[in-house]
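Trainee: Please read through the structure below; I'll follow up with questions.
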Amino acid sequence: MDAGGDRLLHSSNIAVIREVYDSEYSPQCFSMELEKALESRCSIIVIEPSQLGDETARWITFGNYLHKTAVISGITSIVSE
C-alpha cells in the first residue's frame, strides 16, 4: 500500500480490490480493503479475489432474504389486525 493507505479508492467513488498475493496475509488484506471501501461508502466495488467475492455475494443474498422476511412479516402483522 502507498503512504496514504488508499491505493484502491479512486476519486470517482469506485473501489477495486485487486487479487495480488504479495504476502501470506493477502486474504486478510483483501478483507480489510473491502471493509475500508464499505466504510467510505463507495458506490461501486469491484472484487477480484473470487473467494472474497463469493463470500460477499452470499452475505448480500442472506441480507436480502432477511429484508424480504421482515417486510412480509410486517405486512402480515398489519393485515391480520
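Trainee: Going toward the positive end of the dipole of the stretch 14-79, with +1 on Lys and Arg Cβ and -1 on Asp and Glu Cβ, which of VAL79, LEU66, VAL16 do you reach last?
Mentor: VAL79
Trainee: Let me ask something additional. For labels at TYR65 and ASN13 in the simple 7 Å Cα→Cβ model, what's the distance in nm?
Mentor: 3.1 nm
Trainee: Could you give the Stokes-Einstein D for the chain in µm² per second, using the C-alpha Kirkwood radius, 20 °C, 1.002 mPa s? Walk me through the intermediate numbers first.
Mentor: Values: Rh = 14.8 Å.
The Stokes-Einstein estimate is 145 µm²/s.
Trainee: Order of LEU66, LEU52 from fewest to most other C-beta atoms within 10 Å? The partial results should precede the final answer.
Mentor: Details: LEU66 10, LEU52 17.
Listed from fewest to most nearby Cβ atoms, that is LEU66, LEU52.
Trainee: Now, a different point. Compute, for the stretch 14-79, the length of the dipole vector about the Cα centre, with Cβ point charges of +1 (Lys, Arg) and -1 (Asp, Glu) only. Units Debye, rounded to 20. Could you put the intermediate results ahead of the total?
Mentor: Numbers: 5 positive and 9 negative charges, 96 e Å.
Roughly 460 debye for the stretch 14-79.
Trainee: Moving on. Pick from GLU55, GLU35, GLU24 the residue whose mean-square fluctuation is largest in a GNM of the chain, springs joining Cα atoms under 10 Å.
Mentor: Highest fluctuation of the listed residues: GLU24.
Trainee: Starting from the Cα of SER26, step 7 Å along the direction of its Cβ; do the same at ASP54; then give the gap between the two resulting points in nm.
Mentor: 1.7 nm
Trainee: Neighbour counts of other C-beta atoms within 10 Å: give me PHE62, PHE30 arranged from fewest to most. It would help to have the intermediate numbers written out before the result.
Mentor: Working: PHE62 10, PHE30 21.
Least crowded to most crowded, the residues run PHE62, PHE30.
Trainee: Here's a follow-up. Tell me, GLU39, GLU48 in order of fewest to most beta-carbon neighbours within 10 Å?
Mentor: Numbers: GLU39 8, GLU48 12.
Placing the least packed residue first, the sequence is GLU39, GLU48.
Since every read-out is calculated from the coordinates, none of them should be taken as a lab result. Given the structure is predicted, the values throughout are model-derived calculations rather than measurements. Virtual Cβ from ideal backbone geometry, glycine too; neighbours counted across all protein chains shown.
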